[in-house]
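Colleague: I have a structure I would like to understand better, so I am pasting it below and will then ask my questions one at a time.
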Amino acid sequence: MNEFEGKIQHFFLRGAFGVCTRLGEKLGMATSSIRLFFIYASFITFGSPIIIYLSLAFIMNMRKHFRKRSPIWDY
């Protein structure tokens, strides 16, 4: 395994944006079940859940960004 493959594997083992982990926490379900749902649904529907997954990742990233930002009047 080369260095690039190792980085990709590490990225996906960490949770790939944390979408499934976050959904599992919110819904009280196992993260592995949610990941399997996305995988199977992607194969059955020719990839449309991937768009939903990436949209959720984008929204979660933006929410995290806005929480870190301090208001203007704090400067």
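The values are calculated or read from the model by the stated rules, or taken from the named source; none is laboratory data. Bear in mind the structure is a predicted one, so any value in this text is a computation, not a measurement.
Colleague: Taking the stated definitions as given, is I59 part of a helix (DSSP H, G or I) and at pLDDT 80 or above?
Modeller: yes
Colleague: Considering only residues that are of a type outside the set (F, W, Y) and not in a helix (DSSP H, G or I), look in region 14-56 and name the one that is modelled with the lowest pLDDT.
Modeller: Restricting to residues being of a type outside the set (F, W, Y) and not in a helix (DSSP H, G or I), the top hit is G15.
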